[in-house]
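Take a look at the structure set out below.
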Amino acid sequence: MTPGKEFTPYAPRPATLVRKVRLSDFVTLFEFEQDDGRPLAHKPGQFIQVSVYGVGEAPFSISSRPKAGTNSFEIAVRNIGTVTNALHDLAVGAKVGIRGPFGSCFPVQEFVGKDTLFVAGGLGYIPLRSLLRYQLRHREEFGRILLLIGTRSPSERIFVDEIEALSRRSDVEVMETVDCVGDACWEGNVGVITTLLPKVRLDVENTYVAMVGPPVMYRFVIGACVGDQCIPPDRIYVSLERKMKCGIGKCGHCQINGISACVSGPVFRYTDIEPLKEAL
Ligand SMILES: Cc1cc2nc3c(=O)[nH]c(=O)nc-3n(C[C@H](O)[C@H](O)[C@H](O)COP(=O)(O)OP(=O)(O)OC[C@H]3O[C@@H](n4cnc5c(N)ncnc54)[C@H](O)[C@@H]3O)c2cc1C
Ligand code: FES
């Protein structure tokens, strides 16, 4: 490789699809290995740009925890359009291009010794999973782990086996809800994710919140965390999705009131974006 070339954020690094797992009708987990053998070296909350050759490039959160000494990593993707469709069509062994990791991350060290309330709406579990799995790997360094998950319907739940395994652990508290049941078989909580919040007792001086979900979720969940649970707003972290192209602050596609979400975000401390009209 030409000296210096490996560091350009514009050049995709080739990676190979090594595993594909269907998570729901529209969402699939993809595990890749970087062909150059280097670890991705990401931090929880960061994203990558994935190129499907001949089709296009799109941003995805890294869902696996940072792993030293391995060149593999996972993303989970909803099949929604051109690139995601082409990704779903790839067979194990196919090549893609990877740029990144890019963007900000959850401040893992700040969470050490503290309780973490994870609030995952819909696909929000995908980026939160990286932080969650990091905390589970270093379980003794963290306090309580509370996981609230809200999904539109039972059939849209993702990582079902993994979440069921988590809920059997004595050191993780899991609560799940679905917005509506339809004709599915579901015996759990029904209602939007805010209906779970009054059921948790938090140590407000000792709790950080990490939340990712659809834009409509944030206002209500933050309102409940700050208003009802009295969590200090500067202990709340959110991840914001914007349309992204370059991923490195050059093209302006992802601006939020003049801030590049791909560089200053996607993970923001709530108090840093609260004054920005376009953020939430
Ligand atoms: C930082 C970041 C992290 C992301 N992480 C994930 C992830 O972990 N898993 C995942 O499935 N998706 C994730 N996304 C969204 C993902 O990038 C888009 O779904 C993808 O770009 C769609 O590409 P496409 O070519 O398949 O769709 P297109 O053919 O481009 O579009 C299909 C439809 O989706 C809409 N659309 C495209 N991109 C977005 C977007 N970013 N937000 C809302 N609507 C959009 C289009 O307007 C259009 O209606 C993330 C986005 C960002 C910015
Ligand atoms: S994606 Fe280009 S500036 Fe953020």
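What follows is calculated from the coordinates using simple rules that are stated; it is not laboratory data. The structure displayed is predicted, hence computed values, not measured ones. Cβ sites come from the backbone with ideal geometry, for glycine too, and all protein chains shown count toward neighbours.
A compact table of results
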read-out: Subset of segment 222-257 (residues that are more than 15 Å from ligand 1 (Cβ to nearest atom) and in a strand (DSSP E or B)); value: ILE236
read-out: Residues within segment 25-54 that are surrounded by 16 or more Cβ atoms within 10 Å (Cβ to Cβ) and either within 19 Å of ASN85 (Cα to Cα) or within 16 Å of ligand 1 (Cβ to nearest atom) (or both), tallied; value: 19
read-out: For VAL92: the one exception among (1) free of Cβ contacts under 8 Å to residues at least 40 places away in the same chain; (2) part of a loop (DSSP other than H, G, I, E, B); value: (1)
read-out: Filter result (more than 16 Å from LEU196 (Cα to Cα) and within 11 Å of the chain's Cα centre (by Cα)) within segment 114-123; value: LEU123
read-out: Residue count, segment 185-209 (criterion: farther than 28 Å from CYS105 by Cβ and of a type in the set (D, E, K, R)); value: 3
read-out: Among (1) surrounded by fewer than 16 Cβ atoms within 10 Å (Cβ to Cβ); (2) more than 16 Å from SER104 (Cβ to Cβ); (3) within 16 Å of ligand 1 (Cβ to nearest atom), the one test that GLY213 misses; value: (1)
